[in-house]
Every structure is written in structure tokens, then in C-alpha cells.
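What follows is a short report on a single structure.
The values are calculated or read from the model by the stated rules, or taken from the named source; none is laboratory data. Quick caveat: nothing in here was measured; it's all calculated off a predicted structure. Note that each Cβ is placed from the backbone with ideal geometry, even for glycine, and that neighbours are counted across all protein chains shown.
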Amino acid sequence: MSTITLSSIPDLTSAVGVPRLAAIEYPLGYLLGQPGDRMGQTAVLRSTLQALAEIREPGSVSHLPFEWPASARRLSARPPKTPPISKYLLRHPWLIPNLFSREVPAPNQSELEPQQAGASAS
Amino acid sequence: MSENLQASRQVDSYRFLDRLTQKLVRSWIELEAQRGRSAEIPWTPLSRPLADSTIALISSAGLALKTDRPFDQEGERQNPWWGDPSYRILPRTATAEDVKLYHLHIHPRVVEQDLNTLLPLQRLLELEDGGEIGRSAAHHYSFMGYTLQPQVLLEQSTPAMIQHMKQDGVNVVVLVPG
């Protein structure tokens, strides 16, 4: 199966080594376009499929030529409630580096203050 | 050697991200660079023209039919380092009325506004009607993109999705992040 990934964060998506990438400068949640914009959504989907057909080299990026309109700048997919990991890290800020390094702490470490964690490890 | 197509306009990866997320993304890119590529980038050439292809969509927005088993939001609330690694199957005719969004990092109203901004099932059917693609696959897929521990997703859910797609004769897959 031939695959292509549509991404608004192409720097990250290409870093993991996807075979084909269609980059688009649209906000998360709206990568195909604005709600109700049937023609705009079709144009993005069509361009993504054309990119899949045209890309010949593994790891290539096709930058799609679409621009998010100023009239839609307030459209946001931000959730109504703070995601659990964000809420958790506000209470456990010493574990923020774990998220940056993707090192998931052991369950018994997660609830400990740093000095306690150090004590339990020694 | 990879290439940049339509490079006259380079997409800015950071334009819509808040400052903390920008920092996080830069950090994860650096991690990938340090890790290096253990293998070559996988590559499957397009086996037949798009007009003869069967196309499946995969969304990482945690979408499921309202009649299907919900994704485990409570598990993530209990352990914020964990995300449900399972997947759900969506029929090609699914609409916003049929689908619920479970991803805790995306506003559920996005689906209520228009499912096609996340998973363009109706747009794909229209390309099928117009003869631009062979057909929209019988089934499409979604999983929860927030997966810091991807082992189960990679070792169980992904092979299962691939198996389903093979049974449906899929030869093209479009992945759409939430």
C-alpha cells in the first residue's frame, strides 16, 4: 500500500521518516479546510492525492500552496477542558522534561516530589 | 535523496502552535535526529493510477461510531502518560451524525461542525463519483494520536488495520493527523 501523510507540522512528521508528506499550513483539527467549505476541502484532498502520485523519492515533502484565510483566524480546535497531561504537569512541573524527552516515568515515580524520587532510587 | 515539491511556498510548521508546543515539537525533532534512522524509509510505489485505486483514510483524532465501543478517556485521565492504543473502523458512508470524537486534546465540536475537516469521507466519495479515484474503501480507520507509549499501537493495532485494508483491496492510504 502506498501512503501519504498530510501534516501541518511537516518538520516533525518528516523527522520520523514517513514515505511521502503533504505539508499544509492549516491549524490542527482543520487540515482539510474550514467547516462547510466543500470546494476547499476537495482541493486539499485532491492535491494530497496528486502529491502521492507525483512523489518519487522516499521521504519527500510536497508543500501544498493553500493559505489559511484571515477571516478564519479564530477557528480553533483547542479542547474545552485542559488535557490531562497538561493539568498533571502543572501539578508536577519537575516531570516536564520527561514529556520533552518522551521518557514516561514509572508509575511510582510520577507522584513523588524530586527529592522523594531521588530518595526512593538510592 | 528526498525532494521538496512545490517548494515556492514552504509551510511554517510552527505558525499555529503556542510557544510551549513549539518548544515540545523542536525537542521531539531533536530526539528523532539523535535516534537516527535505524532503517531506510519504507517505500511502496503507486501500483496503479489513482483513477483505479482503492483509497482508505486514517485519522489520529480518536473518532468512533457512536454505536461502537468508546475510546478509553478515563484511562488517560487516571494516567495522563497513557493514551488508548486501540483503533476503530468507520464505514465509508459515516457522517458527523454517526461519529463521536474522543481525543481529549481536540474540541469535540470540530466533528459536529464538519467531519470532513478531520476525515474527508464525503469528499472522497465525491472524487469517486467524479471518476478521479477508483473508489473509497469500504472501511476507514481512526486511533488516538496522543500515544507517548506506542508499542501496542505499533505491534497490535497497526497490523490489524493493515490486515483489514488488504481484505478491502486498498492500495492507497492517506493519513490525517488530528
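Assorted remarks:
- Selection status of B:Tyr146, within 8 Å of another protein chain (Cβ to nearest Cβ), under 26 Å from B:Asn79 (Cα atoms) and among the hydroxyl-bearing types (Ser, Thr, Tyr): yes
- Among the residues listed as A:Thr82, A:Thr42, the single one being within 7 Å of another protein chain (Cβ to nearest Cβ) and either at pLDDT 95 or above or under 21 Å from B:Pro108 (Cβ atoms) (or both): A:Thr42
- Tabulated pairs, segment A:66-82, first among the aliphatic types (A, V, I, L, M), second surrounded by 10 or more Cβ atoms within 10 Å (Cβ to Cβ), C-beta under 6 angstrom, 6+ apart or interchain: A:Ala72/A:Gln34; A:Ala77/A:Leu28; A:Ala77/A:Gly29; A:Ala77/B:Ile106; A:Ala77/B:His107; A:Ala77/B:Val110
- Segment A:40-94, subset part of a strand (DSSP E or B) and polar (S, T, N, Q), residue farthest from A:Gly29 (Cα to Cα): A:Ser60
- Number of positions in segment A:3-23 that are charged (D, E, K, R) and either in contact with an Asp or Glu (Cβ under 7 Å, 6 or more places away or on another chain) or under 16 Å from A:Ser47 (Cβ atoms) (or both): 1
- Qualifying residue in segment B:32-47 (condition: more than 8 Å from chain A (Cβ to nearest Cβ) and at pLDDT 95 or above): no
- Of the residues in segment A:50-63, at least one is at pLDDT 95 or above, buried (at least 22 other Cβ atoms within 10 Å of the Cβ) and β-branched (Val, Ile, Thr).
- Single match in B:Asp52, B:Asp12, B:Asp18 (criterion: more than 21 Å from the chain's Cα centre (by Cα) and either more than 30 Å from B:Ile89 (Cβ to Cβ) or not acidic (Asp, Glu) (or both)): B:Asp18
- Members of segment B:151-178 that are more than 10 Å from chain A (Cβ to nearest Cβ) and within 30 Å of A:Arg102 (Cα to Cα): B:Gln151, B:Val152, B:Leu153, B:Leu154, B:Glu155, B:Gln156, B:Ser157, B:Thr158, B:Pro159, B:Ala160, B:Met161, B:Gln163
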